[in-house]
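Structure record follows, encoded as structure tokens.
The values are calculated or read from the model by the stated rules, or taken from the named source; none is laboratory data. Remember, it's a predicted structure, so these values are computed and weren't measured experimentally. We place every Cβ from the backbone using ideal geometry, glycine too, and count neighbours over all the protein chains shown.
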């Protein structure tokens, strides 16, 4: 029902990954990561937090790579870890992607390298001159800067695209603020996609992400009632700070990272604690029934891909009604997505 290439795109496995380098934290002793060449690399850089690495980010990266090829320099994605708003905001936004997924999406975007800048309060206070001169210059000979038109850098966002462009023109550095990609009347942004996910519209979110929405977590012991009811589930603990879809039942896929590659199973997925079991401390906010899977998943990391929402959460008059409804959800998921195990060979 769903081919391996589609699932590989969801997992950012369609091309070899570029190397990822991490700089030393600004203001702390130590040089940049030793794997970065000792001589700064001439490059065009795309800069951003890249949460979700959505189709707008992908277009920015594509244009950066095209510029780099035309000018015979390297294309480098420069990002931050943690996300800047986790450091400077008292109420940081819930994230669309875990760090590992964000970096993998960047590394398979076509760039030659990804450079991760540790984001700290001292870094947040830097102006663009110090950021490019003190933070990036030891590792990168920046010849061009590509950002979104709404990009801002430094304390209170004082360094706009126009400000950075004026600085760059004096140094022979081209600075390009690209128009945001639009989906109909709205610009594609991480904020907009978070709202779609929060409302359970994972189909529209996938259109703007360029792939199915993914969350990952670790399987832990649950109530143990699913097996007795005929549909064993993996109870998944998702790290704090990740944007979960609206409570409800979804059809999608569960991904296990195996030695030879990724093993993908069709899954009926429940988000939110079922009202009938809300008083149990063992209830999980994310549960998945892997169609056809038999084995012990406790303690393993698992990724969940959301294909579509089947229904909202609801209360049931009896356990029998619950069982019948969940079995119906599983049947619907099988009809929509099949139940074949898919293996994606690791790149």
Of all residues in segment 63-83, count the ones that are in a helix (DSSP H, G or I) and surrounded by 17 or more Cβ atoms within 10 Å (Cβ to Cβ).
4
Hey, can you tell me all the residues within segment 84-103 that are more than 14 Å from residue 114 (Cα to Cα) and in a helix (DSSP H, G or I)?
84, 85, 86, 87, 88
Mind checking which residues of segment 174-204 are free of Cβ contacts under 8 Å to residues at least 40 places away in the same chain and within 17 Å of the chain's Cα centre (by Cα)?
192, 195, 196, 204
Just one of the numbered conditions (1) assigned to a helix (DSSP H, G or I); (2) modelled with pLDDT of 95 or more is not true of residue 146; which one?
(1)
What is the one condition in (1) part of a strand (DSSP E or B); (2) modelled with pLDDT of 95 or more that residue 235 does not satisfy?
(2)
I'd like to check something: does segment 151-164 contain any residue that is under 28 Å from residue 17 (Cβ atoms), outside the structural domain of residue 217 (by TED's automatic domain parsing) and out of contact with any strand residue (DSSP E or B) (no Cβ under 6 Å at 6 or more places or on another chain)?
yes
The listed residue being in a strand (DSSP E or B), more than 23 Å from residue 205 (Cα to Cα) and at pLDDT 85 or above, out of 287, 263:
263
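Please specify each residue of segment 131-148 satisfying the condition of being out of contact with any strand residue (DSSP E or B) (no Cβ under 9 Å at 6 or more places or on another chain) and either surrounded by 17 or more Cβ atoms within 10 Å (Cβ to Cβ) or under 19 Å from residue 64 (Cβ atoms) (or both).
Result: 137, single match.
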From 63, 72, residue being at pLDDT 95 or above and at positive phi
72
Flagged in segment 149-170 as surrounded by 19 or more Cβ atoms within 10 Å (Cβ to Cβ), without any contact (Cβ under 8 Å) to a residue 40 or more places away in the chain and not in a strand (DSSP E or B), in numbering order, are 154, 161, 164, 168
